[in-house]
1. What is the Cα centroid distance between region 79-123 and region 141-184, reported in whole angstrom?
2. With the Cα gyration tensor of region 135-230 in hand, convert its eigenvalues to equivalent ellipsoid semi-axes via √(5λ) and list them largest first in whole Å.
3. Just grab the label-to-label distance for residue 168 and residue 96, each label 7 Å out from Cα along the Cβ direction, in nm (one decimal).
4. When the Kirkwood radius is taken over all Cα pairs of region 1-48, what Stokes-Einstein diffusion coefficient follows at 4 °C and 1.567 mPa s, in µm²/s?
5. Mind giving me the FRET efficiency for residue 191 and residue 62? R0 is 25 Å, r the Cβ-Cβ distance, nearest 0.05 is fine.
6. On average, how much area does the Cα convex hull of region 59-191 cover when viewed from any direction, in nm²?
7. In the calculated pair distance distribution of the chain, what percentage of Cα-Cα distances lie above 22 Å?
8. Any idea how far apart residue 53 and residue 233 come out in nm if each label point goes 7 Å out from Cα toward Cβ?
Ligand SMILES: NC(=O)c1ccc[n+]([C@@H]2O[C@H](COP(=O)([O-])OP(=O)(O)OC[C@H]3O[C@@H](n4cnc5c(N)ncnc54)[C@H](OP(=O)(O)O)[C@@H]3O)[C@@H](O)[C@H]2O)c1
């Protein structure tokens, strides 16, 4: 059985790959950085003796997403980690149009299509979609990122509902972590104001929740409580908190 992981070259995706190989899965790993994918593949093959299929793709492009679907169609996939994504901090005018297009293409379009496609073609399967605690409210000073994560959380919840109606055995778990120590910060141009969780701990918690078919996975109890609180706060209040916290984080 294969596990497909998008954004497997670093951070949460990379750790998910190692955990799933340790659980006995063969892997299909994708990202743009071929060197990092090769290194991960060597590590998986030598440590766990599993098959690893490498697909170097830029999933901000429609043709790459189609290529991903085409090249994975003959594999028996049981797990999909829909993870590749990125953020950018700043006032809306500080984020360039290209950065906005890129974020929307990856965090919304690619994540949407991956979720939709595998929810349709797989059965008896588990899908982990990586959102964020940012998925529960609007996020001034990181507006696009928050909006993309709200989108994918909403879409994933609706699909999970429809799959249940269809009596289809495909679990969708939404990973909504707080800060995780990965390359995310450098890409987003931020420094965390809260202590981040190690990527391996985040991945291991998320995978446990995924196999239990839980709706959400939020590692760290303090972030879980903060999220619950955030979900009942009026948006005006949560946006004030977000604006302050993103201002402190911006490098
Ligand atoms: N770290 C956090 O604090 C945090 C918190 C909440 C949610 N998240 C979410 O967690 C997910 C994983 O991020 P991370 O924290 O593990 O950060 P990361 O270490 O920067 O990993 C991001 C992954 O996405 C891939 N990726 C980026 N652009 C891509 C593209 N155009 N095509 C294909 N792959 C692409 C990267 O691979 P290449 O660069 O090799 O293409 C990399 O493997 C994201 O969806 C992020 O929004 C992270």
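1. Measuring centre to centre over Cα atoms gives 11 Å.
2. Computed over region 135-230, the values are 25, 17, 12 Å.
3. Distance between the two pseudo-spin positions: 3.9 nm.
4. After rounding, the answer is 127 µm²/s.
5. That pair, residue 191 with residue 62, gives E of 0.15.
6. Averaged projected area of region 59-191's Cα convex hull equals 8.2 nm².
7. Of the Cα pairs, 52 percent sit more than 22 Å apart.
8. It works out to 4.4 nm between the two label points.
Each reported figure results from applying straightforward, stated rules to the coordinates on display, with no laboratory input. Because the structure is a prediction, the values reported are computed rather than measured. All Cβ positions, glycine included, derive from the backbone under ideal geometry; neighbour counts span all protein chains shown.
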